[in-house]
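Some notes on the structure that comes next.
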Amino acid sequence: MRGCHSTLLISDIPASLLALVMILIMTLAIPAATAAEPAAEQTTPKLVVVVAVDQLRKDRLTAQLPGGLGRLLREGRNFVDSSLDHGVTNTCPGHAVIMTGVQPSKAGVAGNDFVDGETWETRYCVADDSADALTINGQVGRSPRLLKVDALGDWLKAEHSGARVFAVSGKDRAAVTMGGQQPDAVFWYETKTRQFTSSRYYLPALPDYLDKFNGVDGFMTAVPTHWVHATGTFRADDYPGESTKYQSTSGHPLNMGNLKERGEQIFASPFLDMATMALARTIIEQEQLGQDSVPDLLAIGLSSTDSVGHLYGPFSAEAEDTLSRVDQILGEFLDYLDERVGKNKYLLVLTADHGVADLPEWRVENQLQQCPNATGRLDFYTFMASLFGTIYWRETFPFDLPTDLVKIAGNQVYINRNYLAARQLDLGRVEADLKRQFEAIDIVKQAWTQAEIMAGTTATARLLRNSLVPGRSGDLMLQVYSDCVIRSDGTGTTHGTVYDYDRAIPLVFLGAGVAPGTVTGAAHSVDIAPTLATAMGLIVPADLDGKPLSLLQPATDRIIQTNHQ
């Protein structure tokens, strides 16, 4: 004892009195525990479903939507501050990140296309010239061999040999990158044949159920001759800047003309997503997914929002109708999973590979335009003629083409090292000259060199660094000003920038082991694969860029991640 104060130890309290105190504490605690939102029970899902809606901006979703999108926001765990954590916001890197848990820089996906420095050929991100990768009933090769890492399905199969892994999408690059290295099968839509297909990398032939799905009594029976939709609530149906390729008003041709024309019309409509989701259900049934104790994985890429959005913009009548149909088919799909697999026995995540810029004409009319160019658009052909004309007269005159020295893929500019060596040209001089030419264009904010990207300390530099693939990325990455659009035909809109309209994507989980609610704080698409792996009880690879998000904590807790540096 020190002075007038004394210390009471638990050992000094009589046992009977201590027991009464503990009972009282536990009794008083019960109402508080009941009032708080309970954490979800830890359960291993029988089926994990990843739904990636191509070009789905987060601001297009509301909980009032009547179908599956609304249900996810009402009943799921919604990470409201979610975004992409890389700067080249295109389809191939966007889908690869979802299922690999690493940035495009590590996955090896520089963009939808890249220029091979050795061959000086432009290569598609899932192209494969090997005989064993030839598309079934096609003329090109497709496989994941350019992907430098494994994906979630590969981790699953490494631990559970009986697990089944499938991917299906309207786009081959979405299906292939989400499927990973060794899935059971990957399927995508081919416009030339108006059918879903695969490659010999996965299967020697299409399964019987897919032949039936593609057949005369298959999905095409539900496709009308025209796509008819309402006028829309955001703006007039026939709006300046919208593409006229398939008509700019309702009554778009959908199943008319020759086979290739009909295939392309379907690809540019919501009927592609309707067919994709119908095939996803067929795969679940025919492959018996989610019917045993070993978890299975199905990745679904819904591509119509992208093809429609490029043509008409995100707030067009066409885009509104497409999203409404996605909402409907996703609601029906969730009801189907509830019945077939069982509520709280599957885990589904909704996300997107990227967003999209508004139609420039709409931004101008609403006095929202931030692009220095009054129209918001670059005169593409005039620009290209000027650029390559200058390259020709300065560098490749008189016998060589300007493209022998410089090529452009997406927003990236490549310089041919072999040509430089053969003509004894200086890389630094050519690069600096190109940088000056691009930065003289009114819509180009900066033409980033790789050295600037690697040394940069800004948020933009970090995002571009996460997309920089050694040996595959361009010598320059072009950053346009916000709201500026480069489209070769002078209509529609696009994506690919570092801005929020391209990076802010939905991230919502629903199902087994998920506590519903709203979660604030940083969350990224690169976190999806490790989060799902953790939910399935898998060993999460140590070298990932993403980290598992909490699905079990009550969603009233503020969850902030600081691991994306």
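The values are calculated or read from the model by the stated rules, or taken from the named source; none is laboratory data. What you are looking at is a predicted structure, and each value in this text was computed from that prediction instead of being measured. Because the Cβ atoms are built from the backbone with ideal geometry, glycine has one as well, and the counts that use them run over all protein chains shown.
Taken over segment 44-81, the criterion of being in a loop (DSSP other than H, G, I, E, B) and either within 20 Å of Pro295 (Cα to Cα) or more than 17 Å from the chain's Cα centre (by Cα) (or both) is satisfied by Thr44, Pro45, Lys46, Thr62, Ala63, Gln64, Leu65, Pro66, Gly67, Gly76. Candidates Leu254, Leu298: the one that is in the same structural domain as Gly162 (by TED's automatic domain parsing), within 23 Å of the chain's Cα centre (by Cα) and not charged (D, E, K, R) is Leu298.
Checked against the criterion of being among the polar types (S, T, N, Q), buried (at least 20 other Cβ atoms within 10 Å of the Cβ) and assigned by TED's automatic domain parsing to the domain that holds Gly87, the candidates Ser130, Ser199, Ser161 yield just one match: Ser199. Only one entry in Asp116, Asp154, Asp85, Asp150 is in the same structural domain as Pro516 (by TED's automatic domain parsing), farther than 20 Å from Pro470 by Cβ, acidic (Asp, Glu) and at pLDDT 95 or above, namely Asp154. Kindly check whether there is at least one residue in segment 251-262 that is without any contact (Cβ under 8 Å) to a residue 40 or more places away in the chain, in contact with a strand residue (DSSP E or B) (Cβ under 9 Å, 6 or more places away or on another chain) and hydrophobic (A, V, I, L, M, F, W, C). Yes; the residues of segment 251-262 include at least one that is without any contact (Cβ under 8 Å) to a residue 40 or more places away in the chain, in contact with a strand residue (DSSP E or B) (Cβ under 9 Å, 6 or more places away or on another chain) and hydrophobic (A, V, I, L, M, F, W, C). Being surrounded by 24 or more Cβ atoms within 10 Å (Cβ to Cβ), outside any helix (DSSP H, G or I) and touching a Pro at 6+ places or on another chain (Cβ under 9 Å) is the filter here; which residues of segment 103-122 pass it? Listed by number, the residues that qualify are Gln103, Val109, Ala110, Gly111. With respect to Arg74, determine if the residue is surrounded by fewer than 24 Cβ atoms within 10 Å (Cβ to Cβ), in contact with a Pro (Cβ under 9 Å, 6 or more places away or on another chain) and outside the structural domain of Thr458 (by TED's automatic domain parsing). Against the criterion (surrounded by fewer than 24 Cβ atoms within 10 Å (Cβ to Cβ), in contact with a Pro (Cβ under 9 Å, 6 or more places away or on another chain) and outside the structural domain of Thr458 (by TED's automatic domain parsing)), Arg74 qualifies. Return the residue satisfying two criteria in turn: it lies in segment 372-418 and is over 18 Å from Gly496 (Cα atoms) and of a type in the set (Val, Ile, Thr), and of such residues it is modelled with the lowest pLDDT. Residue satisfying both the conditions and the ranking: Thr382.
Considering each residue of segment 327-343 in turn, at least one proves to be in the same structural domain as Gln55 (by TED's automatic domain parsing) and part of a loop (DSSP other than H, G, I, E, B). Just to verify a result, which residue in segment 202-223, among those that are among the aromatic types (Phe, Trp, Tyr) and closer than 21 Å to Arg164 by Cα, is surrounded by the fewest Cβ atoms within 10 Å (Cβ to Cβ)? Ranking the qualifying residues of segment 202-223, first place goes to Tyr209. Residue count for segment 380-426 under the criterion of being within 29 Å of Gly490 (Cβ to Cβ) and charged (D, E, K, R): the result is 4.
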